[in-house]
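What follows is one structure encoded as structure tokens, with my remarks underneath.
The values are calculated or read from the model by the stated rules, or taken from the named source; none is laboratory data. Keep in mind it's a predicted model, so treat the numbers as computed, not measured. Counting neighbours? That spans all protein chains shown, and the Cβs are built from the backbone with ideal geometry, glycine included.
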Amino acid sequence: MNRPAPQLAAPTGTFTQLLSSTRRGARLARLLAVAQLRPWGVPQDLTERAEVVVAELAGNAVLHGRVPGRCFRLTLTFDPSAGRLRVEVSDARGDLYPQIATGAAEPDVLRLGGRGLTLVTALADHWDCVPYPPVGKTVRAVLSTGGEATAVTGGASGAVRLPEG
């Protein structure tokens, strides 16, 4: 008997790079991400959103997750059949989870920092943070070609985590 050949799923692209926990490393993460997404054929709008998400997550890893002598890891995974890109940034500070600043009655519009995760929330379909053994953490963001941003905040720390499932 002849059986039809099984259909193979479109290949998934994966890119991983260790980068120095410096401003230069964060900048290089952004540049490498864009350079990798273009050959994969990622749509321009998704590439532009991913560029901002990578810049913010890498910047946070360098600013808040830096341990002298330790690198941070950038991982990109693109599933072309689903039109979905996963961005992961791992750093060595598992004791410091990301927090979105809770809205004050009068936000300080002149404040220079503290808006990165708000941008990630607006640009990504969802994001969360998980332990990266033995002592680090990984902040993951998923972006798709037509998704809406959602995130769930919880806990006394204000850390953002997605519901399981």
Name the single residue that is surrounded by the fewest Cβ atoms within 10 Å (Cβ to Cβ) among those in the stretch 96-132 being at pLDDT 90 or above and either among the aromatic types (Phe, Trp, Tyr) or closer than 24 Å to residue 67 by Cβ (or both).
131
Can you give me the number of residues within the stretch 31-60 that are part of a loop (DSSP other than H, G, I, E, B) and either under 14 Å from residue 118 (Cβ atoms) or touching a Phe, Trp or Tyr at 6+ places or on another chain (Cβ under 7 Å) (or both)?
2
What do you reckon, is residue 85 touching a residue at least 60 places away in the same chain (Cβ under 8 Å) and not in a helix (DSSP H, G or I)?
no
On the given criteria, is residue 77 within 15 Å of the chain's Cα centre (by Cα) and either under 20 Å from residue 133 (Cβ atoms) or modelled with pLDDT under 95 (or both)?
yes
